[in-house]
Amino acid sequence: MKIPYHKGFMEFDETLFGNLGTTQLHAGMGFRDLPQAAEEIRRSLANPIGSRRLSEIARGRKRMLVLTSDHTRPMPSRLTMPLLLEEARTHNAEIEVRILIATGCHRPDSDEEMLEKFGPELLRTEKFINHDCHDPHLMSDMGRLPSGGELRLNSLVEWADLIVAEGFIEPHFFAGFSGGRKSILPGIADEKTVYSNHCAGFISSDTARAGRLKNNPIHQDMLFASKAAGLAFILNVVLDSGKNIRRAFAGHPEKAHAAGCNYVSESATIKAVAADIILTSNGGYPLDQNLYQAVKGMTAAEACVNPGGVIIMVSACSDGVGGENFYRWMADGETPGAVLAAIEGRQPHETTADQWQAQILARILTKHKVILVGAMLDSATVEMMHMMHAPDIGSALRRALGMTRENASILVIPNGVDVIMETS
């Protein structure tokens, strides 16, 4: 059996454990015929949802700001960005364009990562800027969020008279879905704005879960921020299990995004199956490049694993932990329960960097054991964060079997970030 890992797969011999009744859960995405990617993008741009074509919106505009995702997202910008810019310049070749990489609170994209993501031609001809959420001098006040937090966004939103975003839609473990309004918040927001939106109370909400937008307080803040910024048009894609473009949705930021979310929900929702051991991954590179991102895939397993069960997370972590604050939250806590209690006792204005990711990981670890499989992160670091480490899947499974009941059941979710678990 193959499990996504880094830029390829990690294999294991499932027959060694076949007597335990191994079951696999797949989302529907990636198992149908794919349209030609460029044709699908052009189709969506020519038939925008709830909006005029971007070529018409851009008429007479002077300065266009294009938001795009960072190195942690598998957005195929080499293909999408040229077609998006071509559409925008159809009747306005002289419009000034700046492309802002919506890093949120992540580190900036390196030159090598930008080259890989965008290609040499785009980097040579277009002006790219990394958003820096930590520099208050780059931010503008945009009012207050429904939750009460200050809304401060990158000042380029005031420079532009047209704001456009590209992104991709997948289930998101607390925002419901990625894409759309997330290009604004957290994408180009000030760190304190992000902290307010990702506060402990919101993360604890039962409605802040994968596939949930209704009454999701995190989504509501994000949607408000998108409107306040003046986001006018989006191009969002849905990717298959090979990270190829499956469908594209362009047009009105809310209506096109909603159509994309409905499509993903229909394809990605699967009935949860309870098991003692859950084996999953973060879908390979780039989503498995650090431990911070790997928490997302763990939440799919969290929805299925029996009480006291074991989650095996396959994640390369080629870029390490993914945040010093995330590491410190976990490593400095005596137990996962202590970490969770400390975070859940904090008020929104007390939120600190990466607190939300530590909160979710600690929540998982209070109920289950986690074994991280990957050769690119050292065992000592993993163990300091209250998890176990294994070099390969076979070793992890043998260890997990030693911690569970006789005749333990095993469930395989090849890509934990690609599914919405239906638990009722």
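Of the numbered criteria (1) surrounded by 15 or more Cβ atoms within 10 Å (Cβ to Cβ); (2) part of a helix (DSSP H, G or I), the one ILE371 fails is (2). Among residues of segment 142-164 that are at positive phi, those with a Cβ under 8 angstrom from a residue that is part of a strand (DSSP E or B), sequence gap 6+ or separate chain, pair up as GLY143/LEU151. Every test in (1) in a loop (DSSP other than H, G, I, E, B); (2) under 24 Å from LYS2 (Cα atoms) is passed by VAL382 save one, and that test is (1).
Is it the case that some residue within segment 385-394 is over 27 Å from LYS7 (Cβ atoms), out of contact with any Pro (no Cβ under 7 Å at 6 or more places or on another chain) and assigned to a helix (DSSP H, G or I)? First the steps, then the outcome.
From segment 385-394, those over 27 Å from LYS7 (Cβ atoms) are 386; that's our starting set.
Imposing the further condition that a residue be out of contact with any Pro (no Cβ under 7 Å at 6 or more places or on another chain) reduces the set to none.
No, there is no match, as no residue in segment 385-394 is over 27 Å from LYS7 (Cβ atoms), out of contact with any Pro (no Cβ under 7 Å at 6 or more places or on another chain) and assigned to a helix (DSSP H, G or I).
Considering each residue of segment 364-373 in turn, at least one proves to be within 16 Å of LYS296 (Cα to Cα) and free of Cβ contacts under 8 Å to residues at least 40 places away in the same chain. Filter segment 396-418 for residues that are of a type outside the set (Lys, Arg) and either exposed (fewer than 15 other Cβ atoms within 10 Å of the Cβ) or not assigned by TED's automatic domain parsing to the domain that holds GLU11 (or both) and give the result. Matches in segment 396-418: GLY402, GLU406, ASN407. Of note, MET114 satisfies the criterion of being part of a helix (DSSP H, G or I) and either surrounded by 17 or more Cβ atoms within 10 Å (Cβ to Cβ) or at pLDDT below 95 (or both). Filtering THR103, THR68, THR80, THR90 for residues that are of a type outside the set (A, V, I, L, M, F, W, C), more than 28 Å from HIS172 (Cβ to Cβ) and in the same structural domain as ALA165 (by TED's automatic domain parsing) leaves a single hit, THR90. If I filter segment 324-338 for residues that are crowded, with 24+ Cβ neighbours inside 10 Å and among the small types (Gly, Ala, Ser), do I get at least one hit? Taking every residue of segment 324-338 in turn, none turns out to be crowded, with 24+ Cβ neighbours inside 10 Å and among the small types (Gly, Ala, Ser). Looking at the structure I just gave you, is LYS182 of a type outside the set (A, V, I, L, M, F, W, C) and more than 12 Å from ALA102 (Cβ to Cβ)? When the stated conditions are applied, LYS182 does not pass them. Of all the listed residues (VAL382, VAL314), the sole one being at pLDDT 95 or above, crowded, with 18+ Cβ neighbours inside 10 Å and under 24 Å from ILE270 (Cβ atoms) is VAL314. Taken together, ILE360, ILE364 contain a single residue that is part of a helix (DSSP H, G or I), among the β-branched types (Val, Ile, Thr) and touching a Lys or Arg at 6+ places or on another chain (Cβ under 9 Å), which is ILE360.
Tell me which residues, restricted to segment 87-107, are under 18 Å from PRO76 (Cα atoms) and not in a helix (DSSP H, G or I). Give the derivation first.
Filtering segment 87-107 down to residues under 18 Å from PRO76 (Cα atoms) leaves 87, 99-103.
Within segment 87-107, ILE99, LEU100, ILE101, ALA102, THR103 meet the criteria.
If you go through segment 164-194 and keep only what is within 9 Å of the chain's Cα centre (by Cα) and acidic (Asp, Glu), you end up with just GLU170. Within segment 271-283, residues that are closer than 8 Å to PRO414 by Cα have Cβ atoms under 9 Å from residues that are among the aromatic types (Phe, Trp, Tyr) in these pairs: LEU279/PHE12; SER281/TYR5, counting only partners at least 6 apart in sequence or on another chain.
When GLU302 is tested against (1) at pLDDT below 95; (2) assigned by TED's automatic domain parsing to the domain that holds LEU397, just one condition goes unmet, and that condition is (1).
Which ones in segment 36-75 are among the β-branched types (Val, Ile, Thr) and either within 14 Å of VAL164 (Cα to Cα) or surrounded by fewer than 23 Cβ atoms within 10 Å (Cβ to Cβ) (or both)? Within segment 36-75, ILE49, ILE57, VAL66, THR68, THR72 qualify.
Checking the structure you have, find out if any residue of segment 169-188 is among the hydrophobic types (A, V, I, L, M, F, W, C), over 20 Å from HIS106 (Cα atoms) and in a strand (DSSP E or B). No, that holds for no residue. Run down ALA294, ALA258 and say which single residue is within 25 Å of GLU40 (Cα to Cα) and under 18 Å from the mean Cα position of the chain (by Cα). Matching residue, one of ALA294, ALA258: ALA258. When restricted to residues that are part of a loop (DSSP other than H, G, I, E, B) and closer than 30 Å to PRO414 by Cα, segment 213-268 contains 9.
The values are calculated or read from the model by the stated rules, or taken from the named source; none is laboratory data. Just so it is clear, the model here is predicted, and its values are computed rather than measured. Don't worry about glycine lacking a Cβ; one is built from the backbone with ideal geometry, like all the others, and counts go over all protein chains shown.
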